[in-house]
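Reading through the structure tokens given below for one structure.
Throughout, read-outs are computed from the coordinates displayed, never taken from laboratory work. Keep in mind that this is a model prediction, so the values were computed, not measured. No Cβ is skipped: glycine too gets one built from the backbone with ideal geometry, and neighbour counts run over all protein chains shown.
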Number of protein chains: 2
Amino acid sequence: MRTLIQDVTVITLDDQNRILQHAGIAIDGQTICAVGEVPPTFIPEAIISGEEMVALPAFFNAHTHTAMTLERGWAEDLPFERWLNEKIWVAESALEEEDVYWGAALAAAEMIRGGIVGFADHYFWMDQVARVVETSGMKANLAWCHFGLKSEQELGRKSFEDTVAFVERWDGAAGGRIFTSMGPHSPYMDSPAVLRRFAEEAQRLGVGVHLHLSESARQVQDSLKQYGKTPVAHVASTGLFDLPRSALVAHCNVLQEADFAILAEKGVHVAHTPKTYQKLAMQMPPILEMLRRKVHVALGTDGPASNSDLNMLEIMRLAGLYQKGLAADATALPVMDLLRLATQAPASAIGFSESGVLAPGRPADLILLDTTAPHWLPRHDLAAGIVYTSHPGDIAYVWCNGQLLYQQGEFLTLDYKRIRFEAERRAFRMVGKSMHTMRITPRTE
Amino acid sequence: MRTLIQDVTVITLDDQNRILQHAGIAIDGQTICAVGEVPPTFIPEAIISGEEMVALPAFFNAHTHTAMTLERGWAEDLPFERWLNEKIWVAESALEEEDVYWGAALAAAEMIRGGIVGFADHYFWMDQVARVVETSGMKANLAWCHFGLKSEQELGRKSFEDTVAFVERWDGAAGGRIFTSMGPHSPYMDSPAVLRRFAEEAQRLGVGVHLHLSESARQVQDSLKQYGKTPVAHVASTGLFDLPRSALVAHCNVLQEADFAILAEKGVHVAHTPKTYQKLAMQMPPILEMLRRKVHVALGTDGPASNSDLNMLEIMRLAGLYQKGLAADATALPVMDLLRLATQAPASAIGFSESGVLAPGRPADLILLDTTAPHWLPRHDLAAGIVYTSHPGDIAYVWCNGQLLYQQGEFLTLDYKRIRFEAERRAFRMVGKSMHTMRITPRTE
């Protein structure tokens, strides 16, 4: 399929931060073949007007648990321990394999509508998520979560061998749109022996790892007591930071001095999910210091049980606003940096390092935003408009690998009506509500 | 006009926090006449389906500068002094009276689309804003900003007498939808003698005051040096906190111990605009402590030059998320409190104290949100959905005083196409851009 986008403003996110006016974008198959001037030899099969629109590389989401959409709004304004023990684990005790499919499908719809085309997911029954990635046309890096200290085999919590088998089964699938990673939950839920075994298997299979790391001062204290090392140094000692693909670690809320150098030297990608930290009153990770020390930081949403939604526009805003206030420096994390942290950085973190720039030869992972709503006007600075004022509803077109996934409110690869019926029905079943107590009866026509 | 909303979920925000399912709402003229069961004697002229919608009292905005929409996106990621001196004042030096009309009209469109029906405005050439309020059907409390230390008469910066005359001219206009206030800029831009004269005139005319107060540690230090009092105590000593209507003060970023008691005892309303504080790296006001000490706090957006937009959904979210993190307490500012801070609290702060509850006899100031987008599902908790996930684009219907202002993307009282053309044209002229350098040519068909 050859598509021409005409007369559009293009935020290229290239090395020169070029913003092109009244430009064209040509897409041939999975690839962008021209940006700016489109040669007359390019004969499009589809033409889209970019008038009053702005084109941007599509967003990637560095860390989430997609099927936890089913628990969105189920546990609000609670302290972390009560949130987890009284609500989340109770609901998840009723989780069935097919729930994961519909929860992930709902997440796919939400992400696509919000301009996210790729994500790193970490949960159970991940074959179901892989099926959603296949059919939705998205890109993903999938890890089957492994708890090495608790009873295995329950509720999709598979044995070590089973989660490794998932990696073998799906890595490189869907025409290269799916990467997989080893998925130990964290150094506090998996023993050092298990972490080392994951490192060996990852070496054998040529993949990376995705885990939670250093989320609280308590975890750091416990790790120092148990292993004589910070969680970062402890994980580094297991070999998980020396894999064929860079490691992806979520959070790093609490770091000690030596941790920055380890993360930077090992090329570890740190997923930063600020809404979850604020909502659950967790310590905010030192991302300005990480960035200063050349640690790879990438934005993510975390799962909707903690984060409420999967909205990278808001995540950029929250990350930037918080850091400006914290640093007492209004110049901290300026607009173009935030756009990179939500596009190039997470794309690279999850294995799609060619994405995140609009230039010839790059994958056609891009979005168009409609700039006619009042919050965009006057259009002094469209990049700032995206970061500081825009919403998922502004996103008009979404392409992933050259395939159009979303167009003016319509999902082209998903049956959204069925998804919302199934996801809501299953979510209510999980938490023990009957259809009669549903707040709103879903419309199924 | 008699309107019936059928089969809707109603977040009443009444004293019992009642949420009604499959309820009706009857509107007769300017007033809600039934919520829940609608008596069969009510014969509607218009019927609206509330299926898959949630009804909420409309938002009010406790502090803004509407015409500064024209400077949205004009000064990003800059320190406060450079933001003000190099960008905002330079642009405003080219401000013309009619610009204020079109800037305020753009703000009205943005606010209505976002479910805000009333606002407190503080700027120049306020007759133009009053005209916008009249025609848009909104409610407002308008103050003509007065600088008592600088040269007067320039650029809509009128003499003391002229700003007082504005109050007389418009208070109670538009069928009671317009209140006015005295508008000294602040105790650092108006002398004590001027503040006392404003207090005398407010007593004579039976109105209140709206001013900026105690925005930085520097202001507090300067005030202590110059007057031997904090800004709060200094303004209290001028009589401005003993007026016929409660005072409205913006910000109070920095308070000393005795200030809390003064604000509480005098019934002062403090407008809290968290996005501006973060964006300009200002100190965050101690609102949890204010609320604990029974100070009236109300949420607002501030002007779009600093805040980028006029989105109370986001303001609720930012206020709540920040305070949870700051207090290290995930239970701080729970959902129902945030909803009140964005509805009842600012309505009361600007003179419309009957608004903010959906109950018989209350003004018909309400909105319906469509809950079918992915970020709402599953609908475990619609109130949390509003606070933590929703966007202006979810707002489907907006009523103010019983008049339908907005319906499914259409503005019923505003000529939005003309507004966006004029606002953008004038904004570009102000900052010295010609039409040729406009990033996007507005479509005017």
Original post:
Relative contact order (percent) for chain B, with alpha-carbon contacts under 8 angstrom and 6 or more residues of separation?
Top reply: 21 percent
**OP:** Using a cut-off of 12 Å between beta-carbons, work out the net charge of the residues near B:Gly208 (Lys and Arg +1, Asp and Glu -1, B:Gly208 not included).
**Re:** -1
Original post:
Using modelled amide H (1.01 Å from N, peptide plane; none on Pro or chain starts), what sits under 5 Å from the amide H of A:Asp14, excluding residues fewer than 5 places away?
Top reply: A:Leu358
Original post:
When each copy gets a label point 7 Å from Cα toward the beta-carbon at B:Leu326, what are the spacings between them in nm, shortest first?
Top reply: 1.6
**OP:** Go ahead and run the numbers for FRET between A:Glu257 and A:Met284, Cβ-Cβ distance against an R0 of 22 Å, rounding to 0.05.
**Re:** 0.80
Original post:
In the protein assembly as shown, what % of DSSP beta bridges are antiparallel (nearest 5)?
Top reply: 45 percent
**OP:** Pop out the ³J(HN,Hα) list for segment B:298-308 in order, Karplus 6.51 cos²θ - 1.76 cosθ + 1.60 with θ = phi - 60°, rounded to Hz; leave Gly and Pro as x.
**Re:** 9, 7, x, 9, 6, x, x, 5, 9, 9, 6
**OP:** Would you mind listing the distances between the A:Met284 label point and the same position in each other copy? Use 7 Å along Cα-to-C-beta, nm, one decimal, shortest first.
**Re:** 0.6
**OP:** List the distances, in nm to one decimal, from the label point of B:Ile47 to the label points of the same position in every other copy, shortest first, placing each label point 7 Å from Cα along the Cα-to-Cβ direction.
**Re:** 4.7
**OP:** Take the alpha carbon atoms of segment B:48-70, find their center, do the same for segment A:32-61, and report the distance between the two centers in whole angstrom.
**Re:** 35 Å
Subject >> Too-long pairs where the Cα-Cα distance tops 25 Å, listed order kept, from A:Lys324/B:Lys87; A:Lys275/B:Lys266; A:Lys266/A:Lys324; A:Lys324/B:Lys158; B:Lys139/B:Lys417; B:Lys158/B:Lys279 >> reply: A:Lys275/B:Lys266; A:Lys266/A:Lys324; A:Lys324/B:Lys158; B:Lys158/B:Lys279
Original post:
Taking only C-alpha pairs under 8 Å that are 6+ residues apart, what is the relative contact order of segment A:2-93 in percent?
Top reply: 28 percent
**OP:** Would you calculate a helix-derived [θ] at 222 nm for the protein assembly as shown, using -39,500 (n - 2.57) for each DSSP H run of n ≥ 4 and dividing by the full residue count, to the nearest 500?
**Re:** -10000 deg cm²/dmol
Original post:
DSSP beta bridges in chain B, what fraction antiparallel, as a percent rounded to 5?
Top reply: 45 percent
**OP:** Taking the Cα centre of chain A as origin, sum charge times position over the Cβ atoms of Lys and Arg (+1) and Asp and Glu (-1), and report the length of that vector in debye to the nearest 20.
**Re:** 580 debye
Subject >> Selected from B:Ser181, B:Ser216, B:Ser306 as most flexible by GNM, with chain B as the system and alpha-carbon contacts under 10 Å >> reply: B:Ser216
Original post:
What does the charge dipole of the protein assembly as shown about its Cα centre add up to, to the nearest 20 debye, if the Cβ of each Lys and Arg holds +1 and the Cβ of each Asp and Glu holds -1?
Top reply: 960 debye
Subject >> Prolate/oblate/rounded label for segment B:1-68 (Cα gyration tensor, a/c 1.5) >> reply: prolate
Subject >> Given charges at Cβ of Lys, Arg, Asp, Glu: the protein assembly as shown dipole, positive-most of B:Val268, B:Tyr416, B:Val100 >> reply: B:Val268
**OP:** Pop out the ³J(HN,Hα) list for segment B:141-147 in order, Karplus 6.51 cos²θ - 1.76 cosθ + 1.60 with θ = phi - 60°, rounded to Hz; leave Gly and Pro as x.
**Re:** 10, 10, 10, 8, 5, 10, 9
Subject >> Peptide B:109-115 - average C-beta neighbours from other chains (10 Å radius) >> reply: 3
Original post:
Taking the Cα-to-Cβ direction at B:Met1 and at B:Glu265 and moving 7 Å from each Cα, how far apart do the two end points lie in nm?
Top reply: 4.8 nm
Subject >> About the Cα centre, charge dipole magnitude for segment A:278-393 (Lys/Arg +1, Asp/Glu -1 at Cβ), debye >> reply: 260 debye
**OP:** Report the residue, chosen from A:Glu81, A:Glu200, A:Glu354, that carries the largest GNM mean-square fluctuation when chain A is represented by alpha-carbon nodes joined by springs under 10 Å.
**Re:** A:Glu81
Original post:
GNM, chain A, Cα, under 10 Å: largest mean-square fluctuation among A:Ser355, A:Ser191, A:Ser390?
Top reply: A:Ser191
Subject >> Proximal charge balance of B:Asp370 [Cβ under 11 Å; K/R count +1, D/E count -1] >> reply: -3
